[in-house]
Structures are given as structure tokens and as C-alpha cells.
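Peer 1: Below you will find the structure I want to go over with you.
The values are calculated or read from the model by the stated rules, or taken from the named source; none is laboratory data. The structure presented is a predicted model; accordingly, all values stated were derived computationally and were not measured. Reconstructed Cβ throughout: ideal geometry from the backbone, glycine too, with neighbour counts over all protein chains shown. Heads up: the accessible areas ignore ligands, DNA and RNA and are worked out on the full protein's heavy atoms, side chains in. Shrake-Rupley method; radii C 1.70, N 1.55, O 1.52, S 1.80 Å.
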Amino acid sequence: MRALQGLRGPRAPALPLFLLCFLAAVRRSLEDGLSTAAPFTSLPVQEEITTKYSNLSSESHNISVTAAPYTSLPVQEEMMTKYSNLSLESHNISMTEQSNMPVEKNITLERPSNVELTCQFTTSGDLNSVNVTWKKGDKLLEDNYLVNATGSILYTQYRVAVIGSKQMGSYSCFFGEKKQHRGTFNLKVPEINGKNKPLITYVGDSVVLMCKCQDCLPLNWTWYGVNGSVQVPIGVPVNDKYVISGKHANETRLKITQLSEDDQGTYWCHAIFELGESEGHVELVVLSYLVPLKAFCAIVAEVVLLVTAILLFEMYTQKKKKPSGDGKEFEQGEQMKLDDSNGIENSGPRHRKNESVGQ
């Protein structure tokens with residue numbers, strides 16, 4: 001056994017107890033230090049991620065507070081910066097809590113523009129309790145508007161870059177929930193002025209129809225005729241019957257020659273703008289020459305009937321007067337005859353009596 005122990009080698013001496021306690025304390029302190037310093041080890045990684053995805057972190061911040069109206073500022077600044085070369089138009093609507101009638105304002109836009117729409121609402125109540133919303137038509141708008149208060153006036157502003165027909169339409173601001181006050185901005189392209197009254201002409205004549213746009217320059221003009229309920233474009237001259245021209249860019253003329261009754265109806269003129277289309281119409285009435293002749297004959301007939309009635313009335317009144325005069329003369333003549341006959345009769349018997357007495 002001793003020989004075997006000699007082969008195994010000397011036995012390792014045992015560590016003192018105080019040394020074991022010291023090592024255990026050092027180990028415990030190291031573990032506590034590591035656990036305490038762990039959160040700070042994430043700082044370099046966090047800074048690296050923040051730097052790498054700085055845009056995303058900013059966007060997530062805006063989204064996290066979308067309930068506040070001021071969160072639209074970054075989007076609004078981005079839109080206005082992107083289309084900063086466009087002209088800026090500002091429009092305002094004022095409302096009070098005493099009036100519940102909606103307020104509307106029409107805005108005419110011919111070309112792309114940045115539009116700033118402002119609604120102000122005067123109230124004696126708490127401005128913070130007034131809910132403010134915006135709508136485009138029936139669609140709720142959740143960005144691009146601001147809300148601010150000064151004294152007893154609550155302001156809200158909506159900005160939109162109008163670059164096409166999709167941005168046109170009605171934009172409405174609402175104050176309150178149950179008892180709402182509404183202001184509406186109607187964004188439209190310029191109106192086309194045709195002719196309000198029908199244009200009357202005759203068969204075989206020529207006529208010129210005109211549409212005009214005040215203070216605007218359309219990109220293109222197009223004329224349409226109506227065939228039943230379908231609009232038919234008029235673009236190619238047919239036997240020189242239709243000629244489209246215009247002295248100025250803001251007007252268009254349609255000349256129609258060799259008119260017939262089939263040419264009468266409604267003619268539409270379309271103007272094309274960058275932001276949409278607008279149209280006007282002209283009503284054309286084509287008459288034959290028999291129509292005025294019929295009217296003339298009718299007038300002559302009425303005059304003849306009137307003159308005849310007057311003559312018959314005069315004749316009737318004259319006849320009514322003549323019998324009364326003749327009757328009086330007849331009565332006077334009869335009375336004179338009667339008197340004369342009575343005188344003769346009275347003198348005759350007397351003469352006979354005298355004769356008989358003489359005999």
C-alpha cells in the first residue's frame with residue numbers, strides 16, 4: 001500500500017478556511033458588480049441603433065402622439081417644402097357660437113397652388129373642451145392641420161398642396177361634437193360662361209356660339225353637340241358646316257352654317273385646366289320662315305276680329321237709338337192726325353144740325 005501511495009504522488013495540501021471564505025467573497029462581489037453594470041453595457045448598442053435608424057425613431061415618436069393636433073407639423077412642413085415653388089393662397093372663415101348656420105366660401109383655382117385654409121371660432125366657453133375636426137367631403141382628415149387659441153378665439157388651419165384634380169373638392173372644419181359649427185371651403189376650377197337665354201335663328205342662316213372664361217387661360221377647348229342623351233364631340237369640319245375659332249385664349253367660338261331644324265338643341269363647351277375641367281352650354285333654337293308668318297297671320301286675325309267686334313257694337317248701338325226717335329215722331333204724327341180728324345168730325349155734325357134747323 002505504501003508502494004502504491006508512492007506511485008500516486010504526494011497528497012495536495014488542504015486550503016485554509018479563511019482563504020476559501022475570501023475567495024467566496026471575491027466571487028460574490030464580482031457577480032454583483034457584473035449584474036449592476038449590465039444595463040450600461042447596452043448604451044453603445046442603443047446609440048449605434050439610434051444613429052443608424054434615426055429617421056425611424058423620429059417617425060415612431062410622431063406616430064405615438066397622433067392624438068395631438070400639432071403632430072401634423074412634420075408632415076405639413078414636408079409637403080410645403082416639397083411644393084415650395086407653388087404659389088400660396090390663404091383663405092379664412094369666421095364663426096361664432098351664437099350662429100349655427102354653416103358658412104361656405106368658394107375658391108377658384110386655375111393652376112397648382114399651396115392653399116392655406118383657416119377657420120376661427122369665437123366662444124365664451126372653455127376653448128380646451130371644444131373638439132376640432134377636418135373633413136374632405138365625408139372623409140375624416142387626421143393630419144396637416146393645426147389648432148391654436150388666443151383669448152376667446154379658437155383657430156384651426158389646414159394646408160394642402162393642390163397639384164391635381166384629386167385635391168379639389170370641399171374641405172370643412174368642425175367645432176364641437178353634438179352642436180357642431182361648420183365652415184366649408186369649396187375648391188373649384190374657373191366657371192365657363194355661355195349664354196343664359198336661348199339663341200334664336202332661322203333655317204338657312206348662320207350662327208356663332210361663344211363661351212368665355214373670365215380671367216383664366218384654359219389649356220384646351222372642346223365643343224360637344226347633343227344627340228338625344230349622348231354628347232357628340234365636334235372637332236372635324238363637315239362640308240364647312242362647323243368652324244371652331246377664338247380671338248383670345250380665354251374664349252372659344254363655334255360657327256354653324258346652313259342651319260336646319262335638326263341643328264337646334266344644346267351645345268356644350270368644355271375647358272380643360274391643370275386641375276380639372278369645366279363646361280358651359282348654349283341653347284340654339286332654329287325656326288322656319290313659316291313660324292313668323294304664322295305669328296303674323298295670327299296677329300292680323302286678332303286685329304280683324306277686334307275691328308269687326310267694334311263695328312258690330314257701333315251698329316248695334318245706332319240701331320238701338322233709331323227706333324226711339326222714329327217712334328216719337330210717329331206718335332206725334334198720329335196725334336196730329338187724330339186731332340185733325342176729331343176737328344173735322346166735330347164740325348160736321350154741327351153743320352148738319354144748323355142745316356136741319358134752317359129747313
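Peer 1: Scan the stretch 294-313 and give yes if some residue there is β-branched (V, I, T), at pLDDT below 85 and part of a helix (DSSP H, G or I), otherwise no.
Peer 2: Within the stretch 294-313, none of the residues are β-branched (V, I, T), at pLDDT below 85 and part of a helix (DSSP H, G or I).
Peer 1: If you don't mind, there's one more thing I want to ask. Looking at the structure I just gave you, is R159 in contact with a Pro (Cβ under 9 Å, 6 or more places away or on another chain) and open to solvent by 20 Å² or more (accessible area, probe 1.4 Å)?
Peer 2: No.
Peer 1: Let me ask another. For a quick check of your reading: which strands (runs of 3 or more DSSP E) sit entirely within the stretch 136-227 and have at least 2 residues that are under 30 Å from L287 (Cβ atoms) and of a type outside the set (S, T, Y)?
Peer 2: Filter on the stretch 136-227 gives 199-202, 207-212, 220-227.
Peer 1: Within the stretch 271-287, count every residue that is open to solvent by less than 70 Å² (accessible area, probe 1.4 Å) and farther than 16 Å from L199 by Cβ.
Peer 2: At the first step, the residues of the stretch 271-287 found to be open to solvent by less than 70 Å² (accessible area, probe 1.4 Å) are 271-273, 275-276, 278, 280, 282-287.
Now drop any that are not farther than 16 Å from L199 by Cβ, which leaves 271-273, 275-276, 278.
Number satisfying all stated conditions: 6.
Peer 1: Also: Restricting to the stretch 212-270, count the residues that are of a type in the set (S, T, N, Q) and in contact (Cβ under 8 Å) with a residue 40 or more places away in the chain.
Peer 2: Pass one, the stretch 212-270, residues of a type in the set (S, T, N, Q): 214, 220, 222, 227, 229, 231, 239, 245, 250, 252, 257-258, 260, 264, 266.
When the remaining residues are screened for being in contact (Cβ under 8 Å) with a residue 40 or more places away in the chain, the result is 220, 222, 252, 257-258, 260, 266.
Selection size over the stretch 212-270: 7.
Peer 1: Filter the stretch 97-120 down to the residues that are within 15 Å of F175 (Cβ to Cβ) and either under 24 Å from the mean Cα position of the chain (by Cα) or acidic (D, E) (or both) and list them by number.
Peer 2: Scanning the stretch 97-120 gives E97, S99, N100, M101, P102, V103, L117, T118, C119, Q120.
Peer 1: Scan the stretch 161-198 for residues that are under 25 Å from L275 (Cβ atoms) and charged (D, E, K, R) and jot them down.
Peer 2: If the condition is that a residue be under 25 Å from L275 (Cβ atoms) and charged (D, E, K, R), then K166, R182, K188, E191 are the ones that fit.
Peer 1: If you take the residues of the stretch 234-251 that are charged (D, E, K, R) and in contact with a strand residue (DSSP E or B) (Cβ under 7 Å, 6 or more places away or on another chain), which of them is surrounded by the most Cβ atoms within 10 Å (Cβ to Cβ)?
Peer 2: Restricting to residues being charged (D, E, K, R) and in contact with a strand residue (DSSP E or B) (Cβ under 7 Å, 6 or more places away or on another chain), the top hit is E251.
Peer 1: Given the conditions (1) open to solvent by less than 70 Å² (accessible area, probe 1.4 Å); (2) in contact with a Ser or Thr (Cβ under 8 Å, 6 or more places away or on another chain); (3) of a type outside the set (A, V, I, L, M), and given that G176 satisfies all but one, which numbered condition is not satisfied?
Peer 2: G176 satisfies all of (1) open to solvent by less than 70 Å² (accessible area, probe 1.4 Å); (2) in contact with a Ser or Thr (Cβ under 8 Å, 6 or more places away or on another chain); (3) of a type outside the set (A, V, I, L, M) except (2).
Peer 1: Could you pull out the residue among S124, S113 that is of a type outside the set (A, V, I, L, M, F, W, C), open to solvent by 50 Å² or more (accessible area, probe 1.4 Å) and modelled with pLDDT under 95?
Peer 2: Testing whether each residue is of a type outside the set (A, V, I, L, M, F, W, C), open to solvent by 50 Å² or more (accessible area, probe 1.4 Å) and modelled with pLDDT under 95 leaves just S124.
Peer 1: Of everything in the stretch 217-233, what is surrounded by 17 or more Cβ atoms within 10 Å (Cβ to Cβ) and at pLDDT 90 or above? Give them in sequence order.
Peer 2: Listed by number, the residues that qualify are P218, W221, T222, W223, Y224.
Peer 1: Looking only at residues that are open to solvent by 30 Å² or more (accessible area, probe 1.4 Å) and hydrophobic (A, V, I, L, M, F, W, C) in the stretch 179-210, which one is nearest to L140 (Cα to Cα)?
Peer 2: Residues of the stretch 179-210 open to solvent by 30 Å² or more (accessible area, probe 1.4 Å): 179-180, 182, 188, 191, 193-200, 202-206, 208, 210.
Applying the additional criterion that residues be hydrophobic (A, V, I, L, M, F, W, C) yields 199-200, 203, 208, 210.
Numbers: L199: 46, I200: 49, V203: 56, V208: 47, M210: 41 Å.
The extreme case among them is M210.
Peer 1: Report, by residue number, each residue of the stretch 252-270 that is touching an Asp or Glu at 6+ places or on another chain (Cβ under 7 Å) and open to solvent by less than 20 Å² (accessible area, probe 1.4 Å).
Peer 2: I256, L259, C269
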